[in-house]
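Enquirer: Got a structure for you, written out below as structure tokens; questions coming shortly.
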Amino acid sequence: LNGQLPTELGYLTHLTEVQISGQSLLTGSLPSEIGQLTALKEGMDFASNQLNGAIPTQLGNLDAMVGRLYLNVNSFTSAIPTELGNLREMTTYFYLQSNYLSSEIPTELGN
């Protein structure tokens, strides 16, 4: 799998987990439609690709996710969205390192 993630990924609303990591072949931005995957409980792993742009604020809609969120080793820029503080059920891993994020950790992540 290479290239950009299609916005149609957001139509797969019954997914409980998505893992496309370690390939370094995904490029472009993470589509905001990913915030429609509200059945994601196990987690999301897009680590070690070439994704760039802002982390979509719509990830905050995934408030039922208890698994992991791996966005590390990409080229995301801008601030960490405060909406990620809505992921209050997440109990395992939350990785954002090795990106180009330009802000401090939002206090909302401590909720």
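Enquirer: I'd like the full set of residues that are out of contact with any Ser or Thr (no Cβ under 7 Å at 6 or more places or on another chain) and either of a type outside the set (Ser, Thr, Tyr) or surrounded by 12 or more Cβ atoms within 10 Å (Cβ to Cβ) (or both), limited to the range 102-111.
Expert: 104, 105, 109, 110, 111
Enquirer: Of the residues 57, 77, 82, which is open to solvent by 10 Å² or more (accessible area, probe 1.4 Å), in contact with a helix residue (DSSP H, G or I) (Cβ under 7 Å, 6 or more places away or on another chain), β-branched (Val, Ile, Thr) and under 26 Å from residue 8 (Cβ atoms)?
Expert: Residue meeting the stated conditions: 57.
Enquirer: Here's something else I'd like to know. Going by what's in this entry, would residue 20 be described as surrounded by 16 or more Cβ atoms within 10 Å (Cβ to Cβ) and modelled with pLDDT of 95 or more?
Expert: No.
Enquirer: Report yes if residue 52 is more than 24 Å from residue 13 (Cβ to Cβ) and open to solvent by less than 40 Å² (accessible area, probe 1.4 Å), otherwise no.
Expert: For residue 52, the condition - more than 24 Å from residue 13 (Cβ to Cβ) and open to solvent by less than 40 Å² (accessible area, probe 1.4 Å) - is not met.
Enquirer: So, one more: Being within 18 Å of residue 77 (Cα to Cα) and of a type in the set (Gly, Ala, Ser) is the filter here, so list the residues in the range 1-54 that pass it.
Expert: Across the range 1-54, the qualifying residues are 24, 28, 29, 32, 47, 48, 53, 54.
Enquirer: Is it fair to say residue 37 is crowded, with 21+ Cβ neighbours inside 10 Å, over 9 Å from the mean Cα position of the chain (by Cα), within 19 Å of residue 15 (Cα to Cα) and at pLDDT 95 or above?
Expert: yes
The values are calculated or read from the model by the stated rules, or taken from the named source; none is laboratory data. These numbers were taken from a predicted model, which means no experiment stands behind them. Cβ: placed from backbone, ideal geometry, glycine included. Neighbour counts: every protein chain shown. Quick note on the areas: whole protein, heavy atoms, side chains included, nothing else; ligands and nucleic acids left out. Shrake-Rupley method; radii C 1.70, N 1.55, O 1.52, S 1.80 Å.
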